[in-house]
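Peer 1: One structure coming up, written as structure tokens, with questions to follow.
The values are calculated or read from the model by the stated rules, or taken from the named source; none is laboratory data. This one's a predicted model, so the numbers in the text were calculated from it and none came from an experiment. With ideal geometry, Cβ positions are generated from the backbone for all residues, glycine too; neighbour counts draw on all protein chains shown. What goes into the accessible areas is simple: the full protein's heavy atoms, side chains included, and nothing from ligands, DNA or RNA. Shrake-Rupley method; radii C 1.70, N 1.55, O 1.52, S 1.80 Å.
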Amino acid sequence: ITAGASAMAVFVNPCGYRLVFYPFEAMFGVNSGVGYVEEFASIDFHTPWGKVALVLILGTLLIAVFSRERWRLDEVAITMLALCYSLTYIRFMYLAGILLPPIFAKRVKLMSPYDRNSDQRRNNAVALAILLCLFIASVPRHSRYQNPATYPVGAVAYMKTNGIHGRVFHEYVWGGYLIWHTPESKVFIDGRWDPYAATGVCKDYWAAVSGESPQAVLDKYQVEYVLMPPDSPLVKFLKNGPGWAVRYSDQTSVLLQRSPTS
């Protein structure tokens, strides 16, 4: 009964059945927008992460060849799973970093076994204190979300001062920033990719920003404002066409408003 109720509860979400089926579509590459997300791209061996992956593969092969430790079936399965997913999606390099070290540690004995009698608590405490100080010193003192060169700080201040709110089409990475600073506005999309992909919003977003069918998308969602970087193709398209006027502009963002008659 519990299992059946849990399965039924999965369908109780704002997107309905589409959100339930989306993970399987993404897994098998059916109508998925995952290809647009950088962290879900395949490994590029010319990048630093690619070099890490290459070392990982060569290390696995060398350990398999020279280790005298017998491989168990579950270890082979876990290693293959980790390599498969980490090479397919950059995001899962961290998964390989979790799954593989215990398997490698049995075969690469770089340290002597732990001896409790030789443990020196005072030295351990000093080492931990140094690491803690380094961690505290490395914590950023200023939020990167307040950087005017990265986020539309000026445009948001202008929107608050002039009481501008409504349906806003914006740069993808600015969605969360707008939700936090202008909760009265209705953002088009934010970093929670999956619900938007399940409903087809991601496809429409890329159609607008790529210049494929920008006006059709803006009309479909009755967008009132567009907030994008100055060099965005969408900004250039709207500036050169009728029906849109620039309300605010700086080096980071441009805010355009749809004219009432368009």
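Peer 1: Each label point is 7 Å from the Cα along the Cα-to-Cβ direction; what then is the distance between the points at Cys84 and Asp115, in nm?
Peer 2: Between Cys84 and Asp115, the simple spin-label model gives 4.4 nm.
Peer 1: Taking all protein chains as present, what is the carbon and sulfur share of the accessible area of the stretch 223-262, in % to the nearest whole number, probe 1.4 Å?
Peer 2: Carbon and sulfur atoms account for 53 percent of the accessible area of the stretch 223-262.
Peer 1: Still on this structure: Given Leu87, Met8, Asn117, which one lies farthest toward the positive end of the charge dipole of the chain, if we put +1 on the Cβ of every Lys and Arg and -1 on the Cβ of every Asp and Glu?
Peer 2: Checked the options; the winner is Asn117.
Peer 1: Given springs between every Cα pair under 10 Å in a Gaussian network model of the chain, which of Ser67, Ser185, Ser112 has the largest fluctuation?
Peer 2: Top of the fluctuation ranking is Ser112.
Peer 1: So, one more: Taking the Cα centre of the stretch 125-255 as origin and charging only Cβ (+1 Lys, Arg; -1 Asp, Glu), how large is the dipole, in debye to the nearest 20?
Peer 2: My answer is approximately 200 debye.
Peer 1: Rounded to two decimal places and with Rh computed the Kirkwood way over Cα pairs, what is Rg over Rh for the stretch 165-255?
Peer 2: Rg/Rh for the stretch 165-255 comes to 0.93.
Peer 1: If the cut-off is 16 Å between C-alpha atoms, which aspartates and glutamates fall inside it for Lys239, apart from same-chain ones fewer than 8 positions away?
Peer 2: Within the straight-line limit of under 16 Å, Lys239 reaches these aspartates and glutamates: Glu224, Asp231, Asp250.
Peer 1: I'd like the trypsin sites (Lys or Arg not before Pro) in the stretch 39-93 restricted to DSSP loop residues with at most 13 other Cβ atoms within 10 Å, sorted by number.
Peer 2: For trypsin sites (Lys or Arg not before Pro) across the stretch 39-93 that sit outside H, G, I, E and B with at most 13 neighbouring Cβ atoms in 10 Å, the list reads Arg68, Arg70, Arg72.
Peer 1: If you look at just the Cα atoms of the stretch 3-137, how large are its Rg and its Dmax in Å?
Peer 2: Over the stretch 3-137's Cα set, Rg and Dmax evaluate to 21.3, 59 Å.
Peer 1: Find the relative contact order for the chain and round it to a whole percent, using C-alpha pairs within less than 8 Å whose residues are 6+ positions apart.
Peer 2: Answer for the chain is 14 percent.
Peer 1: Still on this structure: Hey, can you find the accessible area per residue of the chain for me, probe 1.4 Å, expressed in square angstrom?
Peer 2: I get 67 Å² per residue for this part.
Peer 1: So which trypsin sites (Lys or Arg not before Pro) in the stretch 183-237 are both in a DSSP loop and have at most 12 other Cβ atoms within 10 Å of their Cβ?
Peer 2: Sparse-neighbourhood loop trypsin sites (Lys or Arg not before Pro): Arg192.
Peer 1: Charges only on Cβ, +1 for Lys and Arg, -1 for Asp and Glu: so what's the dipole of the stretch 176-221 about the Cα centre, in debye to the nearest 20?
Peer 2: Dipole of the stretch 176-221, to the nearest 20 debye: 40 debye.
Peer 1: Okay, next question. Under 20 Å between alpha carbons, and skipping anything fewer than 8 positions from Lys160 in its own chain: which lysines qualify?
Peer 2: Straight-distance partners of Lys160: Lys186.
Peer 1: Here's a follow-up. Among (i) 25.4, 83; (ii) 16.9, 48; (iii) 17.8, 60, which is the computed Rg and Dmax of the Cα atoms in Å?
Peer 2: Matching entry in (i) 25.4, 83; (ii) 16.9, 48; (iii) 17.8, 60: (i).
Peer 1: If you build a Gaussian network model of the chain, linking Cα atoms that sit under 10 Å apart, which residue out of Gly200, Gly50, Gly154 swings the most?
Peer 2: Gly50
Peer 1: Continuing with this model, one more query. Taking the Cα centre of the chain as origin, sum charge times position over the Cβ atoms of Lys and Arg (+1) and Asp and Glu (-1), and report the length of that vector in debye to the nearest 20.
Peer 2: Taking the Cα centre of the chain as origin, the dipole is about 660 debye.
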